[in-house]
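A quick write-up on the structure given underneath.
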Amino acid sequence: MSHKILVTGFDPFGGEPVNPAFEAVKLLPDEIAGAQVVKLEIPTVFTRSAQVVEEAIARERPDYVLCIGQAGGRSALTVEKVAINLAEARIPDNDGEQPFDTPLREDGDTAYFATLPVKAMVKNINDHGIPAFMSYTAGTYVCNSIMYHVLYLLDRKFPGVKGGFIHVPYATAQGVGKANGTPTMEIATMARGIEAAIEAAVSVEVDHDDIMGETH
């Protein structure tokens, strides 16, 4: 039985000309470790992104859902562990929505953990010579929002499907005009890292038991 993974990436936001999230997704092969890869660009919008992804899950019936977003300022691929039931936007999204201190789902849990094998994903990215860490905060913007909505939907509506989220740094070209020391990464490198993460996601049943906690 062949597996299928739905991989989403956001469109550009915050005045940036590109969003490396979907640019990297576009470079992924159509099959990884025997799993069919379905690629979907989604709007950087709280409400609509959740609707678009829910429709895609219903339509494609994937075994896995992996969302990709940008965290400008981070220096590595960061595989997210947890999504929280909170929307707090420092800047408006692409539809002008700017929620403040509101739950994403009134009837949702306080938080959901990723159900993909996050540690195995981090390890496999690193094994391919690309820096990656596990992250314990996906923020309170649209990235956390989509991760939360996906995990909520998988919990309530699509049992048996595993979900998760990876943040990518600024693309190299986005570093132009930014402060010296701003970390960037080539989009092709991000794509290779995401491919390594997917390889682990679709082939590892039980996650690794390495200790990856943060001390701060």
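The values are calculated or read from the model by the stated rules, or taken from the named source; none is laboratory data. Not measured: the values here are computed from a predicted model. When we count neighbours, we look across all protein chains shown, and the Cβ atoms used for this are built from the backbone with ideal geometry, even at glycine. Keep in mind that these areas ignore ligands, DNA and RNA; they rest on the heavy atoms of the full protein, side chains included. Shrake-Rupley method; radii C 1.70, N 1.55, O 1.52, S 1.80 Å.
Values computed for the structure shown
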item: Unique residue being on the phi < 0 side of the Ramachandran plot, of a type outside the set (Phe, Trp, Tyr) and out of contact with any Gly (no Cβ under 8 Å at 6 or more places or on another chain) when the list is ALA58, ALA114, ALA71; result: ALA58
item: Qualifying residue in the stretch 121-136 (condition: in a helix (DSSP H, G or I), β-branched (Val, Ile, Thr) and in contact (Cβ under 8 Å) with a residue 24 or more places away in the chain); result: yes
item: Test: residue in the stretch 48-61 that is under 27 Å from THR184 (Cα atoms) and either among the aromatic types (Phe, Trp, Tyr) or open to solvent by 10 Å² or more (accessible area, probe 1.4 Å) (or both); result: no
item: Residue, nearest to VAL206 (Cα to Cα), within the stretch 137-161, restricted to residues that are within 13 Å of the chain's Cα centre (by Cα), assigned to a helix (DSSP H, G or I) and not hydrophobic (A, V, I, L, M, F, W, C); result: TYR148
item: Cβ pairs under 8 Å, 6+ apart, first in the stretch 65-82 and free of Cβ contacts under 8 Å to residues at least 60 places away in the same chain, second crowded, with 24+ Cβ neighbours inside 10 Å and among the hydroxyl-bearing types (Ser, Thr, Tyr); result: none
item: Output for the stretch 1-10, where each listed residue is in contact (Cβ under 8 Å) with a residue 40 or more places away in the chain and either of a type in the set (A, V, I, L, M) or farther than 22 Å from TYR64 by Cβ (or both); result: ILE5, LEU6, VAL7
item: Qualifying residue in the stretch 182-189 (condition: without any contact (Cβ under 8 Å) to a residue 40 or more places away in the chain and surrounded by fewer than 16 Cβ atoms within 10 Å (Cβ to Cβ)); result: yes
item: Near pairs, Cβ below 8 angstrom, 6+ apart or cross-chain, from the stretch 90-108 (at pLDDT below 95 and open to solvent by less than 50 Å² (accessible area, probe 1.4 Å)) to any residue that is among the hydrophobic types (A, V, I, L, M, F, W, C) and in a loop (DSSP other than H, G, I, E, B); result: ASP93/PHE13; ASP93/VAL45
item: Test result for GLU23, within 21 Å of ASN94 (Cα to Cα), modelled with pLDDT under 95 and not in a strand (DSSP E or B); result: no
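Residue-wise test of (1) surrounded by 14 or more Cβ atoms within 10 Å (Cβ to Cβ); (2) of a type in the set (D, E, K, R).
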| site | (1), (2) |
| --- | --- |
| CYS143 | yes, no |
| ILE146 | yes, no |
| LEU151 | yes, no |
| LYS162 | yes, yes |
| HIS167 | yes, no |
| ALA179 | no, no |
| GLU195 | yes, yes |
| MET212 | yes, no |
